[in-house]
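Here is the structure we will look at, set down as structure tokens.
The values are calculated or read from the model by the stated rules, or taken from the named source; none is laboratory data. This one's a predicted model, so the numbers in the text were calculated from it and none came from an experiment. Reconstructed Cβ throughout: ideal geometry from the backbone, glycine too, with neighbour counts over all protein chains shown.
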Amino acid sequence: MHRVTVSAVLALFLSLALLVGAAPGVLAQAPQRGGAAELLAADPVLEERVTELSHKLRCLVCQNQSIAESNAPLAVDLRNQVREQLAAGKSEDQVIDYLVARYGDFVLYLPPVNGITLLLWVGPGLLLFSGVGWLALRLRGRADEPASAALNNDQRNRARALLDGAPLPPEEPRS
């Protein structure tokens, strides 16, 4: 009885520890309230440009979300900056250049192809190609292996005797 009680207490403790450990992750996913307020443009054309450009920019604190999709305070601030700069008459390229100068290429949802990011663009293809090549070599290597040798008469007689339940004939000495 004592062992069951210890097990129950241990299970309760581990469940509580798991719940407490998961709480920060759950709270981080909850919508942020009281953060930076988003200023919406009165001009629907400008707002459409802001939304379109926001889909091209990565949220710096979220995992794989654009600033258009994220509700993080930093994403709201970045959308406001984009909106203000577009309203001031800057082109999309000028806004992107400003953000890249400030935050680096990471702010771009699709990084440019250059010497530093070349591995990001070519790496998955190289990895796939090398994996397929390795698999082909492994399969071809198995096809080149000789088939198992045929049984000689002595081995065939011993196998037949085993299957029939008869006593085994003595083995011939190997030379």
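Is it true that residue 77 is of a type in the set (Asp, Glu) and exposed (fewer than 14 other Cβ atoms within 10 Å of the Cβ)? Lay out the reasoning, then the answer.
On the way: of a type in the set (Asp, Glu): yes; exposed (fewer than 14 other Cβ atoms within 10 Å of the Cβ): no.
Spelling it out, it is not the case that residue 77 is of a type in the set (Asp, Glu) and exposed (fewer than 14 other Cβ atoms within 10 Å of the Cβ).
Taking residue 103 as the residue in question, decide whether it is surrounded by 13 or more Cβ atoms within 10 Å (Cβ to Cβ) and either over 30 Å from residue 49 (Cβ atoms) or over 21 Å from the mean Cα position of the chain (by Cα) (or both).
Considered against the rule, which asks whether it is surrounded by 13 or more Cβ atoms within 10 Å (Cβ to Cβ) and either over 30 Å from residue 49 (Cβ atoms) or over 21 Å from the mean Cα position of the chain (by Cα) (or both), residue 103 comes out as yes.
I'm trying to understand the selection: among the residues of segment 104-144, which are among the aromatic types (Phe, Trp, Tyr) and at pLDDT below 90?
Those that are among the aromatic types (Phe, Trp, Tyr) and at pLDDT below 90: 106, 109, 121.
Which condition does residue 93 not pass, out of (1) surrounded by fewer than 16 Cβ atoms within 10 Å (Cβ to Cβ); (2) modelled with pLDDT under 90, if it passes all the others?
Of everything listed in (1) surrounded by fewer than 16 Cβ atoms within 10 Å (Cβ to Cβ); (2) modelled with pLDDT under 90, residue 93 misses just condition (2).
So, of the residues in segment 94-136 that are of a type in the set (Gly, Ala, Ser) and part of a helix (DSSP H, G or I), which turns out to be nearest to residue 83 (Cα to Cα)?
101
Filter segment 52-101 down to residues that are of a type in the set (Ser, Thr, Tyr) and touching a residue at least 24 places away in the same chain (Cβ under 8 Å), then give me how many there are.
Of the residues in that region, 2 qualify.
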